Amino acid sequence: MFGNPFSDQELARRLAAVRAGMAARELELLLLSTPENIFYLTGLDHWGYFAPHLLVVPHEGEMILVTRQMEQVSVRAQVRNARFAGHSDSETIADAAIRLLQDRVRVVPAAATAAATAAATAAATAATAAAVAGNAIRRQPGGRPAAGIEAWSAGLPYGFGQALADGLPAVRWQDATGLVDAIRHVKSPEEQALMRRAAAVTDAATEAAIAAIADGAAERDVAAECLAAMTRAGGAPPGFGPFLRPAHRLGEEHATWGEGRYVSGEPVFLELAGCVARYHAPNGRLVHVGHAADADLAVAEVVKEAFDAVVAAIRPGARARDVYAAWQAVVDAAGFPDYRRHHCGYLVGVGFPPSWTGGNTVTGLRHDSDLEIREGMSFHILSWLMGTGRGDWFLSNTVLLGPEGAEVLTRTPPGPIIR
């Protein structure tokens, strides 16, 4: 948690890709406030994101990270590729950002020479120059500078955004939400290695939670065993969860353990993710206490078949809607033609509290999604038949699409699990 997990080459590759995206939109600046995206470009992993951060990415030259001055030690220890600009608690981050950006976003005088622009372009890093070759931004004299901002970032409070707009009237603002997120969808070899480590943590935590579940076991004791195993296996605090609930609280989607005790005859819902260097690998299981009904056992086989169908459908060039259709086809064939889910999984990887989904949006494998599946993507795949009246079961795993095809990273046995 307290070191930068990425090589210089990895960070340079990411920045080059982002700058290529900026060039395609003719952006001179990109202002990032989503913690996952700031981490992706700098490696800053701390709990200070509760206060706004702003990463200023110019189309060439040095990035600048703006946040509270008191974070300087963590930034110095972890960030190698951006200059730190701290602000005191007697001013806002907007005050600091406006002061920093005023000279950068002034309107170019009509007398500005092309030579000055060319000289600045030549100073760009080799990685960036390669990525934006032929696409270098040339603002016309007298033109208003274009800056991208993540308008839908949870890290950009309304007051912050409004202050930027009011304080930098010369800027032509463009919504750049999703620019960096789309690049993050495909995991590099370094990232895939972290996903594998996170999956091993997930399995250790899941095994410990399952072993602790019993008739009369206190929910908090099961949670304690799960969290202890997660920590001992090398995991950092996850973005959220773990979610450990008895079946009568199943509908409380993102609620976790309570003050009760598990009882024989009632299933226990587990959904959790190990976290290594902010990369998450979730899985989920349904654990039956004492016994499982025959109807549940029958549905379990459908759930597993549908999960396998999804894994088989995850291949380069497929569309998210095709992957969902593979899940739905198994469910329909099993005699549940009216059963529908909002998705059968979603992209997963970098996550900061309060989520492991990669920010405040969920990129789901939905029936109406045209998302193209690409090698290097990783997914939390969920196969779920609950409330059918003919039995209930749930199974989920993290799946990585690597060069050899789709691979299930989390290895906890799928069940049926009876404690």
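Read-outs throughout are calculated quantities, based only on the coordinates presented, and are distinct from any laboratory measurement. Not measured: the values here are computed from a predicted model. Reconstructed Cβ throughout: ideal geometry from the backbone, glycine too, with neighbour counts over all protein chains shown.
Gaussian network model of the chain, Cα springs within a sub-10 Å range: biggest mean-square fluctuation belongs to which of 333, 193, 170?
333
Using alpha carbons only, how many degrees (0 to 90, rounded to 10) separate the axis of helix 219-232 from the longest principal axis of the chain?
50 degrees
Can you tell me how the chain classifies by the Cα gyration tensor, rounded, prolate or oblate, using a/c under 1.5 as the rounded cut? The partial results should precede the final answer.
Working: a/c = 2.48, a/b = 1.92, b/c = 1.29.
It comes out prolate by the Cα gyration axes.
At a threshold of 8 angstrom on Cα-Cα distance, excluding pairs fewer than six apart, so keeping six or more, what relative contact order does segment 217-304 reach in percent?
On the way: 127 pairs, mean separation 24.7, N = 88.
Here the relative contact order equals 28 percent.
What shape does segment 205-319 take by its C-alpha gyration tensor, where a ≥ b ≥ c are the square roots of the eigenvalues and a/c under 1.5 counts as rounded, a/b above b/c as prolate, and the rest as oblate?
oblate
Rg to Rh for segment 204-249: what is it, with Cα atoms only and Rh by Kirkwood? Don't skip to the end; give the middle numbers.
Values: Rg = 10.6 Å, Rh = 10.9 Å.
Rounded to two decimals, Rg/Rh equals 0.97.
Taking the 0 to 90 degree range and rounding to the nearest ten, how far is the long axis of helix 158-167 tilted relative to the main principal axis of the chain, both from C-alpha atoms?
In the chain, helix 158-167 runs at an angle near 10 degrees to the longest axis.
Cα centroids of segment 352-419 and segment 244-323: how far apart, whole angstrom?
First find each Cα centre; the distance between them is then 9 Å.
Could you list 272, 244 so that the one with the fewest beta carbons within 10 Å of its beta carbon is first and the one with the most is last? Write out the running numbers ahead of the final one.
Details: 272 29, 244 25.
If I rank by nearby Cβ atoms, fewest first, I get 244, 272.
Count the DSSP beta bridges whose two residues both fall in segment 189-418, then state the antiparallel fraction as a percent rounded to the nearest 5. Before the final figure, lay out each step's value.
Numbers: 34 of 36 bridges.
Taking every DSSP beta bridge with both residues in segment 189-418, the antiparallel ones total about 95 percent.
Once you have a ≥ b ≥ c as the square roots of the Cα gyration tensor eigenvalues for segment 189-418, tell me rounded if a/c is under 1.5, and otherwise prolate or oblate according to whether a/b is larger than b/c. Could the numbers behind the result be given before it?
Working: a/c = 1.86, a/b = 1.12, b/c = 1.66.
Since a/c reaches 1.5 but b/c is at least a/b, the shape of segment 189-418 is classed as oblate.
Any idea what angle helix 320-333 forms with the longest principal axis of the chain, computed on alpha-carbon atoms, 0 to 90 degrees, nearest 10?
10 degrees
Please give me the summed charge of the neighbours of residue 371: other residues whose Cβ is under 13 Å from its Cβ, Lys and Arg +1, Asp and Glu -1. Please list the in-between numbers first.
Working: positive: 319, 321, 366, 374; negative: 181, 322, 368, 370, 372.
Counting the neighbours of residue 371, the net charge comes to -1.
Go ahead and set up a Gaussian network model of the chain, Cα springs under 10 Å, then flag whichever of 345, 216, 402 fluctuates most.
Of 345, 216, 402, the Gaussian network model singles out 216 as fluctuating most.
Top mean-square fluctuation among 81, 283, 397, Gaussian network model of the chain, C-alpha springs under 10 Å?
81
Rounded to the nearest 5, what % of the DSSP beta bridges within the chain are antiparallel ones? Can you show the working numbers first?
Values: 41 of 56 bridges.
If we restrict to bridges inside the chain, about 75 percent are antiparallel.
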